[in-house]
Amino acid sequence: MKNKRNNLWIGFGISLLATLIIGTISPVWSKGRIIKIDGSSTVYPIVEAVAEEFQKAKRGAVKVTVGISGTGGGFKKFYRGETDLSNASRPISKKEMESCKEGGIEYIELPIAYDGLAVMVNPKNNWVTSMTVGELKKIWEPAAERVITKWNQVNPAWPDVPLKLYGPGVDSGTFDYFTEAIVGKARSSRGDFTASEDDNVLVQGIATDRGALGFFGYAYYAENIDKLKLVGIDGGRGSILPSEKTVMDGTYSPLSRPIFIYVSKKSADRPEVKEFIDFFLTNASKLIKQVKYIPLPDRAYKLAEERFTRRVTGTMFGGESKVGMKIEDLLKLEEKK
Amino acid sequence: MPMDNDKNIQEIRKKIALNKLRDHLFWIIGLLSTLIGFVLLFTLIIDLLIDGFPRLGWQFFTSYPSRFPEKAGILSAWVGTTLVMIVTAAAAVPLGIAAGIYLEEYGKKNWLTNLIEINMNNLAGVPSIIYGLLALGLFVYYLKFGESILTGGLTLGLLILPMVVIATRESIRAIPNSIREASYALGATKWQTVKDHILPYSFGGILTGMIIGLSRAIGETAPIITIGALTFIAFLPSSPVTSEFPFFSFKWLLDPFTVMPIQMFNWISRPQTAFHINAAAAGIVLLLLTLLMNGFAVYLRYRFRKRIKW
């Protein structure tokens, strides 16, 4: 009994001591060789794949963490100097550029892939195979809120069925881009739609509601082909369905966009970060196809590699998304630098 | 008058029958209410088991997360959960017990202790995300611990601290005053009384409170996501045991981590159904852990209660 009581006190003392130690240690320990990445959930699957393969190739000598805070949230950590790389599903914004400047963070902008935004309806929807940008605008613009609630209000040829809208959350780069491409102004949209950061919620919503219409990244559609019906987009040159080919050659317009990683210049000087970027750009094409995104042409990766080696800092976009960017335009922008 | 009497008896019988009916009715309502809770929990467990059970295996526990669902596992998640729980316990238990003892044995009944008491009870009911926000400001930005095991553990420690305090106080209160008086009568000081009598007698209850607190902390997702630990982690923190002197290291405290509920959250938000199966399997592991911990708490309470004879 006495012994047990003593054990009890020893245990109590040890835990008290542990608390004290934990309280007093300062975070001066070297962080080791950890590459910290955060940002967009759209870019996440690509970077996760690269991180997985890279860590395997390095046999654990370098650790890579990939977070999901959204494009904006990722940049917030990036300009505070907390992360080495930031994933972004849109170019860096003016405000974020300023914050980076204030924080003394210089960055190298590397386009890594293309993502098409897919517009989808329920498979039982037999009246729509294609929509014009004008029709989409009529549905999504702020003035449509609580006014456009039925399909036949958009196009008289469509039936009198309630229109239910689904889209990604307003903090996502996908939402920013869609509104800019369709409505004409980033973040300007009607508010009465089901918004979710979790694309599965959107898939479920569209798959169970006959009058549903929604949009999200093409890669997510590619995993749920049997539950959704893809809508062709008519941007003025006939109806085009998103596919690897139409996104890559820029004919799926205006709903295809480049996605990026931003590398902090300070971090880029660390050998493990340099190795990671080299590994990324060399294996990008193969890994990006695996996770159902659309890779850039090989030439673009060479140009990106060059851009990285020469440490070209700053953005090619001047703080704005360029809607309907074709791959050629992007390359020209690259070459000008 | 016999007529009147008959009528009276009939009325009383009617009343009794009605009351009996009401009694039965309530019995049925009570049973149904109990069953609903039980059936819901049961369906959930069965659903998880059907989805996830085939996925459970050695490989699942020894693999890192991966983009291929069949290769993915929960190695970094369960190691992370274990380490975070150690920090949580180390932070919350000594503080909670000390605070509980003070409030029960030392603190005078005045407005200050009253205020602390009211606050303690309120804190136990604060939504966990609030603790996440506090931790983000305090641990991540102010103390610059980053998104580390230390931050995660301390955050969850704060979360369960009120529970530990309340459990400590309740089990101390259950000790009859005669024990204290007997101890004082023999000339023991307050500290000796606490050390040799109060604490050992209440330790079962304190442990139970601690384990129930930990089994709540183990499933918490919101505060962990708030501190920014929603990450792909395919490595383990540095080892607490090293080959060189002094043979242990606290470096792991500042390493990035992931925990089981975060890993589940990540898998659930994937498009492929194979990942949802992984999430279900991780859910089974988490559920088993919680059940085990609660079971252990029940056992401890039973054992300590049996040992006490006064």
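Since every read-out is calculated from the coordinates, none of them should be taken as a lab result. What you see is a predicted model; the values in this text were computed from it and never measured. Cβ coordinates were reconstructed from backbone atoms using ideal geometry, including for glycine residues, and neighbour counts include every protein chain displayed.
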Next item on the list: Starting from the amide H of A:D209, placed 1.01 Å from N in the peptide plane, find each other amide H under 5 Å away whose residue is 5 or more places distant or on another chain.
Entry: none
Checklist line | Over chain A: helical MRE at 222 nm, DSSP H runs n ≥ 4 each giving -39500 (n - 2.57), nearest 500 | finding: -13000 deg cm²/dmol
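For peptide B:223-234, what's the mean number of Cβ atoms from other chains within 10 Å of each residue's Cβ? Let's see the in-between values first.
On the way: counts 0, 0, 2, 0, 0, 8, 2, 7, 11, 13, 6, 11.
Shielding by partners across B:223-234 averages 5.
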Item checked: Loop-located trypsin sites (Lys or Arg not before Pro) in segment A:214-263 whose Cβ has at most 11 other Cβ within 10 Å (DSSP) -> A:R237
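In deg cm²/dmol and to the nearest 500, what is the mean residue ellipticity at 222 nm of chain B if only DSSP H runs of at least 4 residues count, each as -39500 (n - 2.57), divided by the residue total? Before the final figure, lay out each step's value.
Numbers: 12 runs with 210 residues, N = 310.
-23000 deg cm²/dmol, from helical runs alone.
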Notebook entry, point to check: What number, in percent, do you get for the relative contact order of segment B:188-309 if the mean sequence gap of Cα pairs under 8 Å and at least 6 apart is divided by its residue count?
Noted result: 35
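Under DSSP H, which helices of chain B have Cα atoms covering 30 Å or more of the helix axis and a Kyte-Doolittle average no less than 1.6? List each step's numbers first, then the result.
Details: long enough: B:2-52 (74 Å, 0.59); B:75-101 (39 Å, 1.84); B:149-173 (35 Å, 1.39); B:273-307 (51 Å, 0.81).
Answer set is B:75-101.
My understanding is that a pair violates if its Cα-Cα distance is over 26 Å; which of A:K95/A:K138; B:K195/B:K306; A:K76/A:K138 do that in this structure?
Details: A:K95/A:K138 30 Å; B:K195/B:K306 20 Å; A:K76/A:K138 34 Å.
With Cα atoms farther than 26 Å apart: A:K95/A:K138; A:K76/A:K138.
Which trypsin sites (Lys or Arg not before Pro) does segment A:113-144 hold that lie in a coil by DSSP with at most 16 other beta carbons within 10 Å? The partial results should precede the final answer.
On the way: sites: A:K124, A:K137, A:K138; in loops: A:K124.
Sparse-neighbourhood loop trypsin sites (Lys or Arg not before Pro): A:K124.
Roughly how many debye, to the nearest 20, is the charge dipole of segment A:175-258 about its Cα centre, given +1 on each Lys and Arg Cβ, -1 on each Asp and Glu Cβ, and no other charges? It would help to have the intermediate numbers written out before the result.
On the way: 9 positive and 12 negative charges, 65 e Å.
For segment A:175-258, the charge dipole is close to 300 debye.
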Notebook entry, point to check: What order do you get for B:L75, A:L287, B:L287, A:L85 when you list them from fewest to most C-beta neighbours inside 10 Å?
Noted result: B:L287, B:L75, A:L287, A:L85
Item checked: chain B - percent relative contact order, Cα under 8 Å, separation 6 or more -> 25
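Using the Cα centre as the reference, give the magnitude of the dipole from point charges on the C-beta atoms of chain A (Lys, Arg: +1; Asp, Glu: -1; all else neutral), rounded to the nearest 20 debye.
Details: 49 positive and 41 negative charges, 191 e Å.
Using Cβ point charges on Lys, Arg, Asp and Glu, chain A gives about 920 debye.
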Next item on the list: For the protein assembly as shown, give the share of DSSP beta bridges that are antiparallel, in percent and rounded to the nearest 5; count only bridges with both residues there.
Entry: 65
Notebook entry, point to check: Picking from A:G191, A:P168, A:W151, whose Cα lies most toward the positive end of the charge dipole for segment A:116-248 (charges on Cβ: Lys, Arg +1; Asp, Glu -1)?
Noted result: A:W151
Checklist line | Amide H within-cut-off set for A:A113, under 5 Å, with H built and near neighbours excluded | finding: A:I259
Note to self: Using the basic label-point model (7 angstrom from Cα toward the beta carbon), what is the B:L49 to B:I36 distance in nanometres?
What the structure shows: 2.5
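Return the average number of partner chain Cβ atoms within 10 angstrom of each residue Cβ along peptide A:56-69. Present the calculation step by step, with values, prior to reporting the outcome.
Details: counts 3, 0, 0, 0, 3, 0, 1, 8, 6, 11, 5, 8, 8, 4.
Mean shielding count: 4.
Please order A:V203, B:V298, A:V133 by the number of other Cβ within 10 Å, starting at the fewest.
On the way: A:V203 22, B:V298 12, A:V133 19.
The order, fewest Cβ neighbours first, is B:V298, A:V133, A:V203.
Charges only on Cβ, +1 for Lys and Arg, -1 for Asp and Glu: so what's the dipole of chain B about the Cα centre, in debye to the nearest 20? Walk me through the numbers before you get to the answer.
Numbers: 26 positive and 17 negative charges, 147 e Å.
Roughly 700 debye for chain B.
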Checklist line | Considering only segment A:116-248, percent of DSSP beta bridges that pair antiparallel, nearest 5 | finding: 55
Notebook entry, point to check: Shape call for the protein assembly as shown from the C-alpha gyration tensor, a ≥ b ≥ c root eigenvalues: rounded (a/c under 1.5), prolate (a/b greater than b/c) or oblate?
Noted result: oblate
